[in-house]
Structure formats: C-alpha cells, structure tokens
Amino acid sequence: MGLIGGRPMPHARRAPLVGAVATLLVVVGCSGPPADRSPSRVATTSAVASAPSFVPEVSVSQAPGTGWTRVATFSADEASVVPIGLAASAGMFVAIGRDLGANEGGPVVVGQRMWRSVDGESWTPVALPDQIGEGSLVAIITARDGRFVLFTSVPADPGEARIVAFASRDGQAWTPVADTGLPDRLYIAKVTGDARGYALLGSSPIGADLGIWLSDDGLRWRSAYATPESADYIGLWDVGVGDEGVVVMADRTRRAETSIWHRMTIASSDGDAWFEGPEPFGVEPPDFRPQAAVSPLGPDWVAAGRTRDGRLVVVHSADGLHWAPSATLAGVADTVNWSPVLVEFDGLVWFGQSNPNAPVDADGRGIWTSGDGATWTQVPIPPGITLGGVAGDVGQRVLVGATPQPDGWADATFWRFVSLAPG
C-alpha cells in the first residue's frame, strides 16, 4: 500500500527515494513541557486516523544462546564508553562513541572515540579527523557510493558550532564534504539512511525551526519539511524512511494550553506533500509524555512507546497514518533512562534503548527483534546493553552497545553473529 492513504506511489519500491532506514540511533524529544524543548510551531491539518486500542500482552521468547559472540570490549577509567553509531560498507565497519563521566550537574562528555573493523570481528581504535579539533561526533552513515560519512559539530563563534561532514573510503582517511546543502548552524538529532535515500532530523541552535532534510546520496541535502507558523508547538521525536516514503513521530501542544498535548505522525510519499495522522498509540495521559520511536518494516511501519507502568507498546501501520495495536510487552520498558530505538535491518525491526547522554541504566531490559511487529525474540546478549547500532552484510550481523559493569560504569561491547546460511 502507498504511504499516503493508499495513494499510488510515484516511485517503484526499492527505487532511490528521499530517505531510508536508520544507521544512527539517536532519538529526539523529552518528557518535559514544550518550553523545555523550545519547540517550534506547526499549522493544523485534518485528522485522518482513528486511535487504536491496546492488545493483550504477549510473551517475549528467548533466542537460543548460540551465534552471538562478544568480539571486542573498550572501557575507560571513571567513565562509561557508549557507542552512538555504526555503519558498514563492503564488509568494513566504522563505529563512533563517547566517554561519559559524571559531575554534580549530571553526565558530561569527557572523550570521543572511533573504531574500525575490516571483518566485523577484529576492532581497533582509529584517530578522529584533525579538523574536528574540540568538536564532537554526531552521526555516521554509509553514503550511496559506499563511502562512510561522518557528521561532526565543530566550534565556530563563541558559544556556537557548525556542522561539518567528512567522507572516507576506509574509515581512516577523512575528507570534508563540500556543499552539503545543510545550514551551518544546525543541531542534528538523527541521521538515517541507506542506498534507497537518506533523512536528517534537526533544528536551529536555539531549539526552534525543527525540520527534515532529505538526500538521495547521503552527501548533499535539501530542506523538505519545516514547521510553519501557527498557534501550536510541535515536537519532532523520531524519523524513519522506508521503501515508500517518510514517517515522523511528533506531538502537538496548543500554546495557550501547554498541559494538553497530542501525539501524531507526519508522513510523506515524496518529501514534498506532508500529511498528519493522530495518536498512533491511542489517547495518552496528559501529564505523561514519553519518547516514541518509528521504523519501516518492509513496506509497512512499526512504532514503539511506553505506558506509565513500564509496558512497551508496539503499533503497526501500512501507510504511516492509520495505526493498529500490534503488541504490548511487560517488563521491557521499565528503565529510568527510557530512550527507545527502532531500526530495520536484515528483514527485522530491532528494538532497544540508547541513552548516549547519560550513564547506562543497569536495569535496562536488552534488545529484541521482530519480523512482523507482533512476535518478538530477545537477542541473547546481556540484558542491560544499550542499542548503539546494528549493521552487516550477507550472513553476518554486527551489534554495538554499552554494557553496564559492577562498578557502575559501562563498557563499549561489540557483538558479531554469523549465520551458517545467508539470510
């Protein structure tokens, strides 16, 4: 089915579109009021979808304890090492991460890292591009031409930074990308993409003017959606792009009634015309605003949220606008640092939690996969791990995350799965 209400798609399925599935797993949004996030505003459009009802809870099956092997561990003194991105190209892998320490005001970035592997099994640290200086790593993807693309935030004027992208064939020698089409002053919340196309979720440095940028190749971008002027605040939480278009998880709050909010999705089949669908999880409590994530799954869509009592709620859609309950899982989402991640890879949707701006919560409940959004299998690795990225090629999967340790910190752990038969 086409993305917008069953309307025929202008592109063939697997044709290069304006976006694709995520490789960087960073979710935007927070549980505070709109003023805390400095959201911008959006014009009201008509509601087209009915609110779903929750389905009975389903069990989470445990996968056999074979296949996954921890192949590398990286740690730091008095800090957590947290992977925040993973990209793959022609059997080669590059991952990025941060060292997070602690002070009286909370977690603080005390270091940054990049790792490289030519086979998914042996990993070595590599130097960051010299041009980054005192800047920070933001995201990494694989461009359509097979090069790795690293997004960084580099100091500019006092108190400000600018986005600089670097490209590399081998993950070691990096060259700045000229004329990306992105604004110099941009806060990047998420970059997502593969050979079908790419999407970027970002905002201005002051937190307003949220928008979506799209790219055919992962190198040069165009502005596709900007929040227009209206009497509403809007928050953009996550973006997913699949075979048939783009879906954004968002919410709206009336400026005059900041305690009343409504979840919604924003969807487009071509990156030009955008439509809204209301409340994918049904009516939610007005004083409880958890993050939510969205991902393609084949030609369809899956979204994940949580209830106040810690249940994971999964909904399914054929068009990104009309949603139906798919699964409600107990004992999955009850973590202090709730930060959901959904990503499509290898015919599955992967769910985990990734909180790269805080120490890892040891009570996290691990990583799960599903081929339909309704039946879930737990990945047989330590349950406290965050999902920092998953990638691979035929017969091989690589997963990176942060695994809690007894001393209260977390180590970066790299996991590899090799199947006996492709697929």
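A residue that is in contact with a Gly (Cβ under 6 Å, 6 or more places away or on another chain), over 22 Å from residue 198 (Cβ atoms), at pLDDT below 95 and aromatic (Phe, Trp, Tyr) occurs somewhere in region 404-418. Against the test of being more than 20 Å from the chain's Cα centre (by Cα), buried (at least 17 other Cβ atoms within 10 Å of the Cβ), farther than 25 Å from residue 393 by Cα and hydrophobic (A, V, I, L, M, F, W, C), the options 79, 102 yield a single qualifying residue, 79. Among the residues of region 288-311, those identified as farther than 11 Å from residue 342 by Cα and assigned to a strand (DSSP E or B) are 300, 306.
Exactly one residue out of 283, 294, 302, 314 is within 21 Å of residue 260 (Cα to Cα) and either under 17 Å from the mean Cα position of the chain (by Cα) or not hydroxyl-bearing (Ser, Thr, Tyr) (or both), and it is 283. Looking only at region 137-149, decide whether some residue is at pLDDT 90 or above, over 29 Å from residue 298 (Cα atoms) and hydrophobic (A, V, I, L, M, F, W, C). For region 137-149, residues at pLDDT 90 or above, over 29 Å from residue 298 (Cα atoms) and hydrophobic (A, V, I, L, M, F, W, C): present. Criterion first (of a type in the set (Gly, Ala, Ser), farther than 19 Å from residue 341 by Cα and crowded, with 24+ Cβ neighbours inside 10 Å) does residue 269 satisfy it? Yes, satisfied.
Restricting the search to region 162-196, which residues are assigned to a strand (DSSP E or B) and closer than 22 Å to residue 247 by Cα? 187, 188, 189, 190, 191, 192, 193, 194, listed by residue number. With respect to the stated conditions, residue 166 is more than 21 Å from residue 392 (Cβ to Cβ), out of contact with any Lys or Arg (no Cβ under 7 Å at 6 or more places or on another chain) and modelled with pLDDT of 95 or more.
Scanning region 181-196 for residues that are surrounded by fewer than 19 Cβ atoms within 10 Å (Cβ to Cβ) and of a type in the set (Gly, Ala, Ser) gives 181, 195. When region 381-391 is filtered for residues that are surrounded by fewer than 20 Cβ atoms within 10 Å (Cβ to Cβ) and in contact with a strand residue (DSSP E or B) (Cβ under 6 Å, 6 or more places away or on another chain), only 382 remains.
The values are calculated or read from the model by the stated rules, or taken from the named source; none is laboratory data. Everything numeric here is computed off the predicted structure, so don't read it as measured data. Counting neighbours? That spans all protein chains shown, and the Cβs are built from the backbone with ideal geometry, glycine included.
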